[in-house]
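The numbers here are math on the coordinates, done by the rules we state, and not lab data. Fair warning: this is a prediction, and the values are worked out from it, not measured in the lab. Cβ placement follows ideal geometry from the backbone for every residue including glycine, while neighbour counts extend to all protein chains displayed.
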Amino acid sequence: MHILVVCPHFEPDAAPTGEVMTRIVHELVDLGHRVHVVTSLPWYVEHRIEPGWEGSWVRHEATPWGRITRVHPFPTDKTNIPARALAFGGFTALAALRALLSRQRPDVVLAMSPPLTLGLAGWVAARRHRVPFVFNIQDVFPDVAIEVGAITSRHVIRASKWLERFTYRRADAVTVLSDDLARNVMQKLGPDGDRVHVIPNFVDTEWIRPLDRDNPYRREFDLGERTVVMYAGNVGFSQSLDLVLAAAEELRARPDVVFVVNGGGSAREPLMAEAARRGLDNVVFVGLQPKTRLPELLAAADIHLVPLKAGLAASSVPSKTYSILASGRCLLASVDEGTEVARVVTEAGAGLAVPPDDRDAFIGGLTSLLDDPARVSACGRSARAYVEQWASPAAVAGRYEALFVEVGVSTG
C-alpha cells in the first residue's frame, strides 16, 4: 500500500516524536509499503531551522522507499503562545497543501498530534484522495496545555476543544499510547468511541540495553562513582522539576549522591537560576545530547526520574519511560495514581510510583531507594525483563498495518 504520513518531525530532526515516526515509517517500508512523509524542516534542537536547511520554504527528497516533503515550521519561542499558535497554523497550511499535491494517490493517510492542527491537514488530504484517515495522538491536546497553564483563555480553550472533537470524529481510527489516553478520547467521542485503538510507542531493546555505568558520559561531566539520580528529557513546564531541586536540597549533605538534569527546554534557564540561588552544587545541568549517546546517557544513571505535574499522566505518556526500562535502570515516577506510567512501573517491579507534586513522598521514595542499592539493582533487572516482552518496532508497525486494513485499505 502507499501511505501518506503527516507529522511534525522526521529524521534527522531530534524530537522524540520524530524518532517515533521515523522508526514506524522504516518498519512499514520493511513490510513492503511505499511512504510519502510530509513534515517540517529540521528545527527542534535550537528552535530554529538547522544550518544547511535554510533558504527554502519547501524541500523535496526522493528516497528508495518513497518521498519526503519538508515545509517551514515557522519556529517561535515556546513561551509565546499566540506566536506559537500562528506558527502551527502556518506549518499546518503548508503541510496540508503538500499533502493535497502528493504525486501518488495514497491508500491511507496517517497524521500525528501534537500539534493538533495536523489532524486537519490529514483529514483534508484523506478527503481529497478519498481514502481512510488514521489520527495518531501522542499527547491529548488541549488537556495537557490547560493542565500546565499554557492556555488560559476561555476562547482559545473552547476553540481547541472544538477542533479536537472535530478531528477525532472525522478520523476513521484514532490511535493512542495507553488505556488512560483511550478512556480520555473515548469519552469525547461518545458513541464513536469504538474507533479508538491503543498502539503504544516502542522501544528498541537492541539499541538501548543495559551498559556499564562507568562510561564516557560520567567521565565527561565529572560524575565519578557517585550515585547518579537523573532527569533526562524536555525541561519544560509539564514536569515538576522543582521536586528535583527540593530533593537535592534535602540530600546536599550526602556527597555520594549527585543529581543530573539532562536536556533543554523553556524551563531550563529558570531552573538553573533557582539551583544557583540555593547553592545546589550537587545538581549538574547537561545540555541536550546527540541521539547517538542515548544508551550511554541512560546507563550513566543509577536512578531515573519521571516527574509529571498532577493531571498530566492521564493525557501524556513520556516515551522515555520505556527507554529507561530498556536500559535496565531503576525508575522513580511522580505521577497520578492508576495511570499508565504508574501501572508500568509497578507491574514491572521497576522502581516506585509516588503521588505527583508531593515533595515529601518524592523525597521519601528517593531516599528509600538510595538507602537500598540492592533493591535499585533488582529494579533495573526487572525493568529490562519486563520491556523485553513488550512490543518491538516491527510489531508496532504490524499493528498499524493491520489497522489500515481494518479501516478499509487493501494490501493488494
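For a test of understanding, tell me how many lysine pairs in the chain have Cα atoms under 23 Å apart, given they are 8 or more places apart or on different chains.
9
What's the ranking of 262-271, 36-45, 49-58 by average number of surrounding C-beta atoms within 10 Å, highest first?
In decreasing order of mean packing, 262-271, 36-45, 49-58 become 36-45, 262-271, 49-58.
When DSSP assigns beta bridges and you keep just the ones with both residues in the chain, what percent turn out antiparallel, to the nearest 5?
If I count the DSSP bridges inside the chain, around 15 percent turn out antiparallel.
Taking H as built 1.01 Å from N, whose amide H comes closer than 5 Å to the amide H of ALA353, not counting residues under 5 places away?
ALA333
Summing -39500 (n - 2.57) over the DSSP H runs of n ≥ 4 in the chain and dividing by its residue number, what mean residue ellipticity at 222 nm do you reach, to the nearest 500 deg cm²/dmol?
-12500 deg cm²/dmol
List the DSSP H helices in the chain whose Cα atoms stretch 18 Å or more along the helix axis and whose mean Kyte-Doolittle hydropathy is at least 0.0.
16-30, 81-100, 393-406
Mind running the shape call on the stretch 276-342? Use the C-alpha gyration tensor, a ≥ b ≥ c as the square roots of the eigenvalues: rounded below 1.5 for a/c, prolate if a/b tops b/c, oblate otherwise.
It comes out oblate by the Cα gyration axes.
Find the cysteines in the chain that fail to meet the 4.7 Å Cβ criterion with every other cysteine, and list them.
If one checks each Cβ against the other cysteines of the chain, CYS7 turn up with nothing under 4.7 Å.
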